Each structure stands twice: as structure tokens, then as C-alpha cells.
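Engineer: This is the structure I want to talk about, given as C-alpha cells.
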Amino acid sequence: MPAPQCASCHAARAALRRPRSGQALCGACFCAAFEAEVLHTVLAGRLLPPGAVVAVGASGGKDSTVLAHVLRELAPRLGVSLRLVAVDEGIGGYRDAALAAVRRQAARWDLPLTVVAYADLFGGWTMDAVARSTAGSGRSRACCTFCGVLRRRALEEGARLVGATHIVTGHNADDMAETVLMNFLRGDAGRLARGGGLGSRGEGGALPRCRPLQLASQKEVVLYAHFRRLDYFSEECVYAPEAFRGHARHLLKLLEAARPSAALDLVHSAERLALAPAARPPPPGACSRCGALASRALCQACALLDGLQRGRPRLAIGKGRGGRDEEGSSGPPPPPPSDPGSAPGPAAGGCGATCKERCE
Ligand code: SF4
């Protein structure tokens, strides 16, 4: 049976049905609709004011590639300028190839690119070194969580380095729905309270962050990359932990099979969520070491680096029932453990998310 006509231009044959609406569109009309929807998200949410210098967190993956491409198309209408900021976590055999994709994008789209490296920012610590340090500690499966904390800090540092006023990341609706599910399943009221909305306004001196693709489904992000013929990196990180996110993703797929709007409904649920006063986390203060926003004495990045320094890597992620962390010693982290000659192999299981943990 021939493909139906495009429901928008009525000239070309439809190339796809939009996953949520079922609307049959040709590739060109789909891409135009996708861009218009992102524009509406940014304008309606007042995410990026005219004149903003926007740091795009670029990983080389499909989401950040689509985000950079769409914002480059929209930049003249939004009146913003773009900078690509990529983070080199120091993951042998993975990040080099992903960074090569980012460099190709920057050259093709004529966008300035800055790469910031964990090793430079965190006293020589790379993710490979962190993984070696945590091996056998029972925390080795938490690589993505450690990485996410450091990455958030690195992206902030990179954005400041390029004079950005705002940070954007490529999280889509599926990523956000998984995060909402994870926070519900963990009973993490603090993160649920912070997780709603399209971003943060920049409390505590941090740069405002937003997620312009937050209402776009993962399927449509992939379709947009396909029809725009975007070059992106799609291999999985060598650290494939048994991340809790994998369970949330599986659950979301089951929910979507019964209710196609489940992901977006979850995102909107988090936006409307109101916590009872007794369940609300106390307002965050400032990290006693670096001044960043912190719900304990040390922010998560400083707590992690402090733990590495003491040889007891730990993270204050979760509900924090134990009260405030003890403040650690104030010196820089010690040199990371020397490279034994090979990067750690992949752990059992697979997060399959590449880097969805990292910018939340
Ligand atoms: Fe970091 Fe992403 Fe690799 Fe996890 S999958 S360790 S967040 S780069």
C-alpha cells in the first residue's frame, strides 16, 4: 500500500507517523514541526532570553547533537549565541571517539568549542582513575553517579570559561520520565522537589540550566537526527554499570505500551508535584569548600573528591537521613592511583543510557 500524503504539506508522501499523535508527515514537515515545538518550549518557558550566551553541553551523542543543531537553526529568532562545551571525563576507549564527533560538529556548524577535562579540574582524577579507586569497594557499580556529580561541576566550569550566561542540556522526555520514576522509587523527595520544570533558574550563583528537548520523545529525537542526517556518536561508554536507571527505563517501556503518553505525563506530573511542608527538604546552603549550592556541609563534588582523598569514595546522593556530612580536610585531592596499564573492563549489566545521569 503506498504511503499516505503528508498531512501538513499535502504534496510529498509521508515518511513517518509521529509516535504520539499518529500524524503522517514527510521528513521536511516533521523536522519543521519538531523545531517549532522546541522554539515554543523555549519561548513559553522563557528559558533563554534574547542576548543570552548559551553553553550547549555537547557529548557527541544523539540528544546533544540534535539540541545543538536545532538551537543553531533557532538562534537568529531567539537572539542567542551558542558555544559548545564538551567534557572529557578521561575514559579510555570511549570519550576520545565521542569528542571527535563533537569536533566534527563544531567545524561543520562553525560553532566555538571548548573541552574541559576532569584531569585538569579535579587534581588529576579521571573517571578511569575513579573507577580504579572504587573497584572492589562496593561502589564500583556507581560510576555513572560519581561521573554525574563531577560532570555537572565540569559543565558549569566550562560554561563560565566561555562566558556563558545559560547552560542547556539534551535531556529528552524519556530521560526526564526515567528520572522522575527513579526518584519516586527511591523515595527521594528532595530530588523530586527539584526535578520539576524545564530547568533551574540558577540558585546560589550557579548558571541557569534548561532542557529545551524535555518535551520531545526519544523516538522523535532519533527521527530528527535521521532526517537531518546528523553525524553523532552512538557507542556505549565502557562503564556499563547496573544502573538503577535501567530498571526505570524498562518500567517506562511497559507503561508506554499501555499508555503512549506515559513519559510526558510523568514529566508533567513532576512539574505539578507539591510536597507537604514536612516532606520538603531544607533550603540548600553553600558548600563550605567551594561555595557551590549544597544541601550538606560539602557539595556533592567536593564530598566525592574528599572521599577519594581519604580512600573512601562516597556520595551523598539520596535522602540524607544521616544529617550533615562532616567537613573533610581542605587540601586538594591526592594524585589518582597510577594507571595499571589498562582501563577497567565493562561491569556487568548495562546502563544503556550513556550519560543521562550526568547533568541532572
Ligand atoms: Fe560517565 Fe556517561 Fe560513562 Fe556513566 S556512561 S561513566 S555518566 S560518561
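Engineer: Would you call V53 within 15 Å of N172 (Cβ to Cβ), open to solvent by less than 60 Å² (accessible area, probe 1.4 Å), β-branched (V, I, T) and modelled with pLDDT of 95 or more?
Structural biologist: Criteria not met by V53.
Engineer: Take the residues in region 98-126 that are within 29 Å of A36 (Cβ to Cβ) and over 20 Å from the mean Cα position of the chain (by Cα), then tell me which one is nearest to the ligand (Cβ to nearest atom).
Structural biologist: R104
Engineer: Please give the number of the condition S59 fails out of (1) open to solvent by less than 60 Å² (accessible area, probe 1.4 Å); (2) among the hydroxyl-bearing types (S, T, Y); (3) at pLDDT 95 or above.
Structural biologist: The single condition S59 does not satisfy is (3).
Engineer: Moving on. Could you figure out which of (1) of a type in the set (G, A, S); (2) modelled with pLDDT of 80 or more; (3) not in a helix (DSSP H, G or I) isn't true of A301?
Structural biologist: With (1) of a type in the set (G, A, S); (2) modelled with pLDDT of 80 or more; (3) not in a helix (DSSP H, G or I) applied to A301, the lone miss is (3).
Engineer: If you don't mind, another one. Where residues in region 1-31 are among the aliphatic types (A, V, I, L, M) and farther than 23 Å from A263 by Cα, which of them is least open to solvent (accessible area, probe 1.4 Å)?
Structural biologist: Per the stated criteria, the residue is A14.
Engineer: Return yes when G57 is in contact with a strand residue (DSSP E or B) (Cβ under 7 Å, 6 or more places away or on another chain) and within 17 Å of Q214 (Cα to Cα) and no when it is not.
Structural biologist: In short, yes.
Engineer: Give the residue, chosen from F184, F227, F233, that is surrounded by 16 or more Cβ atoms within 10 Å (Cβ to Cβ) and without any contact (Cβ under 8 Å) to a residue 40 or more places away in the chain.
Structural biologist: F184
Engineer: Quick check, is T126 crowded, with 17+ Cβ neighbours inside 10 Å, of a type in the set (V, I, T) and modelled with pLDDT of 90 or more?
Structural biologist: Yes.
Engineer: Hey, does region 282-293 have a residue that's basic (K, R), at pLDDT below 85 and part of a loop (DSSP other than H, G, I, E, B)?
Structural biologist: no
Engineer: Right, here's the next one. What residue, among those in region 62-97 that are closer than 20 Å to L161 by Cβ and within 16 Å of the ligand (Cβ to nearest atom), is most open to solvent (accessible area, probe 1.4 Å)?
Structural biologist: So, considering only residues that are closer than 20 Å to L161 by Cβ and within 16 Å of the ligand (Cβ to nearest atom), the one most open to solvent (accessible area, probe 1.4 Å) is D88.
Engineer: Any idea which of A243, A278 is closer than 30 Å to R18 by Cβ and at pLDDT below 75?
Structural biologist: None of the others qualify; the one that does is A243.
Engineer: Output yes when any residue across region 100-109 is touching a strand residue (DSSP E or B) at 6+ places or on another chain (Cβ under 6 Å) and farther than 22 Å from G311 by Cα, and no when none is.
Structural biologist: Yes, region 100-109 has at least one match.
Engineer: List the helices (runs of 4 or more DSSP H) inside region 150-240, counting only whole elements, that have at least 2 residues being within 16 Å of the ligand (Cβ to nearest atom) and either more than 30 Å from S288 (Cβ to Cβ) or over 15 Å from the mean Cα position of the chain (by Cα) (or both).
Structural biologist: Counting at least 2 such residues, we get 173-186.
The values are calculated or read from the model by the stated rules, or taken from the named source; none is laboratory data. Only a predicted model underlies this, so the values are computations on that prediction, with no experimental measurement involved. So basically every Cβ, Gly included, is an ideal-geometry build from the backbone, and we count neighbours across all protein chains shown. These accessible areas exclude ligands, DNA and RNA; they are computed on the full protein's heavy atoms, side chains included. Shrake-Rupley method; radii C 1.70, N 1.55, O 1.52, S 1.80 Å.
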